[in-house]
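The values are calculated or read from the model by the stated rules, or taken from the named source; none is laboratory data. Here the structure is a predicted model, which is why all the values come from computation and not from measurement. Because the Cβ atoms are built from the backbone with ideal geometry, glycine has one as well, and the counts that use them run over all protein chains shown.
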Amino acid sequence: MSDMKKWEERLSPAVCSIAPSGIRKFFDIAATMDDVISLGVGEPDFVTPWTIRESCVYGLEQGYTSYTSNKGLLELREEIIRHHAEVDGLVGPTPDDVLVTVGVSEALDIAMRSILGPGDEILIPEPCYVSYGACATLAGGVPVAVPSRIENEFRVTVEDLEAHVTDKTKALLIGYPNNPTGAIMPRAQLQQIADFAERHDLIVISDEIYGDLTYGSEPHVSFAALPGMAERTILLNGFSKAYAMTGWRIGYAIANPAIIAAMTKIHQYTILCAPITAQVAAIEALRRGEKYRLKMLAEYDRRRKFIYDGFNKLGLPAFEPKGAFYIFPDIRSTGLSSNDFAEKLLTSEHVALVPGTAFGSCGEGYIRCSYATSLDQIAEALNRIENFLKNHVR
Ligand code: PLP
């Protein structure tokens, strides 16, 4: 057995300062149990559509097994630009302004490393995806959490952003549709954020990985497509969620030439290029994946309505999620902390979900449930939660 303490003392201070993801802990416990229903994972329960898988198989038959250019296959970058022009009305960026990455995860990491110097602050509205703060810290920057509130359906307000700006603020990171809340940011409010970014001359990282997963009449608005915003925006997106391609590890960034050149430098030394097999599949996703994406979206929408009704009937109110595949019910009436709720529910009823605090301290009093699982499983999970409330809470 090695001496843990001795080796821990020799680790990088930045690594020591970040905590492991609060999501994993529950999966580790769940993995030791039988009969667990998981509303915990942020991963589509669909297999990647066949046409996409087949394009990869065919690509392998054709001998696509080499490196690509650092930025990624030109055909893929062209498709990405076409897609955003068509769907978001994003005009201006060219395939040269695109860097293909190993998921949005890599893009987030190298975006932060490209723009943050020691002590530079980046505003991060919470609750938010678990990686944001950690990536900022690892880049040497200072993540500044800006809480958002249920009263505003967890959309950050400009007043709250203004209250956290200092002379060290260099950037803002927004993620709508949001993980974990399912909140979207309508155009008028997004425009206020754009005005704020302009006023303070901030770089904006906009993680739009759920941009193609919205429901109802309010469409997703891409931050980069707002007037004048493309130049200051690092737009991040990928294939994991909308096309059920988590395991392929493929995403991208679109930004101005100076930022893309900086990100490409890091990418070239650390990754070299995203896997060619995944790049070939991503081209197919953009060319012929649309109808399959819409089918999955319709299924998420059914589940979304069902789970939203279910939680509200159980007396754990949630606002209606308008994007992504998460719901964020309010559990404050139970008197339990988010962590206790998640832990007790898992041990007594074998339902796994994630405490809201995994996504920032303002997530206390909430739980994140993913509806990227079958309706039957969701129905059974709701029954078990009802039992839990009867037996342990009320
Ligand atoms: N951004 C958000 C908001 C996410 O929820 C996730 C994954 O859950 C990621 C980024 C990472 O995605 P990828 O699989 O593209 O690395």
Filtered residues of region 226-249 (kept if among the polar types (S, T, N, Q), within 14 Å of the ligand (Cβ to nearest atom) and buried (at least 24 other Cβ atoms within 10 Å of the Cβ)): Asn237
Members of region 144-168 found to be farther than 15 Å from Val204 by Cβ, outside any loop (DSSP other than H, G, I, E, B) and touching an Asp or Glu at 6+ places or on another chain (Cβ under 8 Å), listed by number: Ala145, Pro147, Ile150
Among residues of region 279-315, those that are more than 22 Å from Gly103 (Cβ to Cβ) and touching a Cys at 6+ places or on another chain (Cβ under 9 Å), counted: 2
Residue that is buried (at least 22 other Cβ atoms within 10 Å of the Cβ), under 23 Å from Tyr269 (Cα atoms) and away from the ligand (no atom under 12 Å from the Cβ), where the choices are Ala107, Ala111, Ala136: Ala136
Test: residue in region 89-100 that is under 16 Å from Tyr269 (Cα atoms), within 16 Å of the ligand (Cβ to nearest atom) and not in a helix (DSSP H, G or I): yes
Cβ-Cβ under 9 Å pairs, at least 6 apart or on other chains, region 347-367 side free of Cβ contacts under 8 Å to residues at least 60 places away in the same chain and of a type in the set (Gly, Ala, Ser), far side crowded, with 19+ Cβ neighbours inside 10 Å and not in a helix (DSSP H, G or I): Gly365/Ile331
Index of the failed condition, Thr51 passing every other in (1) among the polar types (S, T, N, Q); (2) in a helix (DSSP H, G or I); (3) within 16 Å of the ligand (Cβ to nearest atom): (3)
Hits in region 28-64 - residues which are touching a residue at least 24 places away in the same chain (Cβ under 8 Å), small (Gly, Ala, Ser) and farther than 16 Å from Thr277 by Cβ: Ala30, Ser38, Gly40, Gly42
Where a residue in region 290-308 is within 17 Å of Ile367 (Cα to Cα) and its partner, wherever it lies, is in a helix (DSSP H, G or I) and at pLDDT below 95, with Cβ under 8 Å and at least six apart: none
Some residue of region 142-154 being touching a helix residue (DSSP H, G or I) at 6+ places or on another chain (Cβ under 9 Å), among the charged types (D, E, K, R) and within 16 Å of the ligand (Cβ to nearest atom): no
Residue ID - nearest to the ligand (Cβ to nearest atom), chosen from residues in region 184-225 that are assigned to a helix (DSSP H, G or I) and under 20 Å from Gly103 (Cα atoms): Phe223
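Looking only at region 235-275, how many residues end up being outside any loop (DSSP other than H, G, I, E, B) and among the small types (Gly, Ala, Ser)?
So the count comes out to 7.
Give Gly175, Gly141, Gly133 a once-over and let me know the one that is touching a residue at least 60 places away in the same chain (Cβ under 8 Å) and touching a Pro at 6+ places or on another chain (Cβ under 9 Å).
Being touching a residue at least 60 places away in the same chain (Cβ under 8 Å) and touching a Pro at 6+ places or on another chain (Cβ under 9 Å) holds for just one of Gly175, Gly141, Gly133, which is Gly133.
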